[in-house]
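Worksheet: the structure to be examined is printed underneath.
The values are calculated or read from the model by the stated rules, or taken from the named source; none is laboratory data. If you're wondering where the values come from, they're calculated on a predicted model, not measured in any experiment. Here the Cβ is made from the backbone with ideal geometry for all residues, glycine too, and neighbour counts use every protein chain on show. The protein model used for the area step is the full one, side chains on, heavy atoms only, and it has no ligands, DNA or RNA in it. Shrake-Rupley method; radii C 1.70, N 1.55, O 1.52, S 1.80 Å.
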Amino acid sequence: MKIAFVGKGGSGKTTLSSLFIRHLAANEAHVIAVDADINQHLGAALGLDEDEAASLPAMGAQLPLIKDYLRGTNPRITSSATMIKTTPPGEGSRLLRVREDNPVYEACARTVRLDDGEIRLMATGPFTESDLGVACYHSKVGAVELCLNHLVDGPEEYVVVDMTAGSDSFASGMFTRFDMTFLVAEPTRKGVSVYRQYKEYAQDFGIALKVVGNKVQGADDLDFLRAEVGDDLLVGVGQSDWVRTMEKGRPAPFDLLEADNRMALQALQDTAEDSYELRDWERYTRQMVHFHLRNAESWGNEKTGADLAAQVDPAFVLHEHCGQVGASQPA
C-alpha cells in the first residue's frame, strides 16, 4: 500500500508518520519510508542522529540515474533526458518493487534499524541555499513522483511518504499516487483548514482520505473534529510522553508507547489494509497519464524539445503482477 501523511506545518505530520512506520515494522511489514517534506525531519524522527540524517542521499541528486534505470527498453522514450516527473511506465519500462534490490535503492535508500525490525529510508534532499531564487521544491519531489509511477506493491508491503506541509502536493499529480491519505489535523480551526482544501481538490479524483486528530486532549477535541470533518475522522491521538522523551534524544523502547496511541496506530494500519481491496489499477494508470499529458502540454514539451504525449503506451496498465515472469519488465 502507498500511504501519504499530509497536514499543515506543525500538525505533527512527521511525528505520526514516523510512529506509523515504527508500528508497521513492529508488525513485520515491509516498509519503504520517503521523506518528501521540504523540512527533512523524518530521519531524526526515526532515531537517526544529525550526522546520519544529513548523510542520507538526496533522491533529486540521483534523478539521471533514476530516469536511466526506469526507462529500461521502453521504445516510446527516446532518451532518459526526455523523461519528466510524470512520465508513465510502458512496455519495456523497469518497475520498482518493495522487496527487491536495484540500482535506485542502492543509490537513494538506506537501511534504518528500529526496535522491532528495519525499514528502507529515502529522502528528496533538503532545500539548500543554492536553490534560493532559482528552484522550487516541486523539482525536488519529482524524483519521488517518478518512482511512485513505476512502483508496484502488494499485501504487507508499504510505501509511507511524509509529504510537504499544506496543499503543495496538488501542484503535481502526486496526490493521486496513494491508496490512502492520512491528513493530520489538530483540533483547531487552523488545524482543519488544510482538510477543507484537500477534500475539495481530492473529491474529483476518488482520493481516499481520512483525518487523524493529533494532540487530542479529551472528548471535546474529538467532538470538534467530528463536527468539522464528519465521517472522515478516523481516530484521535493524544499527547505522548514517549514522543516527548524521544524528541529529547532519549528514546524508550517502542513497545512502551502508550496503549491508546498503539491502538490508534493499529486503526491506521487496518484502514490502510482495507484500502488494498479497493485498488483500481486502471484508474490509477489513467490518472497517471492524465497528469502526464497536462504537464507535457504546459511545460514538458517545451523543456525537453520532444512530444511527451508519445511516451504514453495506450495498451499498458500498471498492476501488481507487472515485472513478474511473462510481464513487461526487462532484465
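Which of the numbered conditions does D220 fail, given that it passes all the others? Conditions: (1) surrounded by 15 or more Cβ atoms within 10 Å (Cβ to Cβ); (2) of a type in the set (D, E, K, R); (3) in a helix (DSSP H, G or I).
Answer for D220: the failing condition is (1).
Being in a helix (DSSP H, G or I), touching a strand residue (DSSP E or B) at 6+ places or on another chain (Cβ under 8 Å) and either over 20 Å from Q269 (Cβ atoms) or open to solvent by 70 Å² or more (accessible area, probe 1.4 Å) (or both) is true for just one of A227, A202. Which residue is that?
A202
List every residue pair whose Cβ atoms sit under 8 Å apart, with the two residues 6 or more apart in sequence or on different chains, where the first one lies in segment 239-256 and is more than 10 Å from G47 (Cα to Cα) and the second, anywhere, is among the basic types (K, R) and in a helix (DSSP H, G or I).
F254/R22
Find all pairs meeting these conditions: Cβ atoms under 7 angstrom apart; at least six residues apart or on different chains; first residue within segment 75-98 and on the phi > 0 side of the Ramachandran plot; second residue crowded, with 17+ Cβ neighbours inside 10 Å and at pLDDT 95 or above.
Final answer for the pair search is G92/G72; G92/N74.
Please list, ordered by residue number, the helices (runs of 4 or more DSSP H) wholly in segment 236-316 having 2 or more residues that are under 29 Å from V211 (Cα atoms).
241-247, 259-276, 281-295
Given the conditions (1) free of Cβ contacts under 8 Å to residues at least 24 places away in the same chain; (2) of a type outside the set (K, R); (3) assigned to a loop (DSSP other than H, G, I, E, B), and given that E320 satisfies all but one, which numbered condition is not satisfied?
Result: E320 passes all but (1).
Looking only at segment 248-272, count every residue that is open to solvent by 60 Å² or more (accessible area, probe 1.4 Å), more than 23 Å from G218 (Cα to Cα) and either among the aliphatic types (A, V, I, L, M) or at pLDDT 95 or above (or both) and tell me the total.
1
Scan segment 276-293 for residues that are closer than 15 Å to P314 by Cα and touching a residue at least 40 places away in the same chain (Cβ under 8 Å) and report the count.
Final tally of qualifying residues: 9.
Could you list, in sequence order, the residues of segment 261-274 that are without any contact (Cβ under 8 Å) to a residue 40 or more places away in the chain and either among the aliphatic types (A, V, I, L, M) or within 22 Å of G47 (Cβ to Cβ) (or both)?
Selection gives M263, A267.
Here's the yes/no breakdown for (1) at pLDDT 95 or above; (2) hydroxyl-bearing (S, T, Y); (3) part of a strand (DSSP E or B); (4) within 21 Å of K8 (Cβ to Cβ):
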| residue | (1), (2), (3), (4) |
| --- | --- |
| A143 | no, no, no, no |
| C147 | yes, no, no, no |
| Y158 | yes, yes, yes, no |
| A165 | no, no, no, yes |
| F182 | yes, no, yes, yes |
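Would you point out which residue out of E106, E118 is assigned to a helix (DSSP H, G or I) and more than 28 Å from N295 (Cα to Cα)?
E106
Looking for whichever is closer than 25 Å to A45 by Cβ and either open to solvent by less than 30 Å² (accessible area, probe 1.4 Å) or touching a helix residue (DSSP H, G or I) at 6+ places or on another chain (Cβ under 7 Å) (or both) here; the options are K210, K215. Which one fits?
Testing whether each residue is closer than 25 Å to A45 by Cβ and either open to solvent by less than 30 Å² (accessible area, probe 1.4 Å) or touching a helix residue (DSSP H, G or I) at 6+ places or on another chain (Cβ under 7 Å) (or both) leaves just K210.
When you check G60 against the structure, is it in a helix (DSSP H, G or I), open to solvent by 10 Å² or more (accessible area, probe 1.4 Å) and touching a residue at least 40 places away in the same chain (Cβ under 8 Å), yes or no?
So G60 passes the test.
Which condition does Y69 not pass, out of (1) part of a loop (DSSP other than H, G, I, E, B); (2) at pLDDT 95 or above, if it passes all the others?
(1)
Residues that are within 17 Å of the chain's Cα centre (by Cα), outside any loop (DSSP other than H, G, I, E, B), at pLDDT below 95 and β-branched (V, I, T): does segment 2-9 have at least one?
Checked segment 2-9: at least one residue is within 17 Å of the chain's Cα centre (by Cα), outside any loop (DSSP other than H, G, I, E, B), at pLDDT below 95 and β-branched (V, I, T).
Somewhere in segment 143-156, is a residue on the phi > 0 side of the Ramachandran plot and touching a residue at least 60 places away in the same chain (Cβ under 8 Å)?
Yes, the conditions are met somewhere in segment 143-156.
Take G47 and tell me if it is modelled with pLDDT under 95, within 30 Å of P251 (Cβ to Cβ) and in contact with a Pro (Cβ under 7 Å, 6 or more places away or on another chain).
Yes, satisfied.
Among the residues of segment 83-96, is there at least one that is within 20 Å of E156 (Cα to Cα) and modelled with pLDDT of 95 or more?
yes
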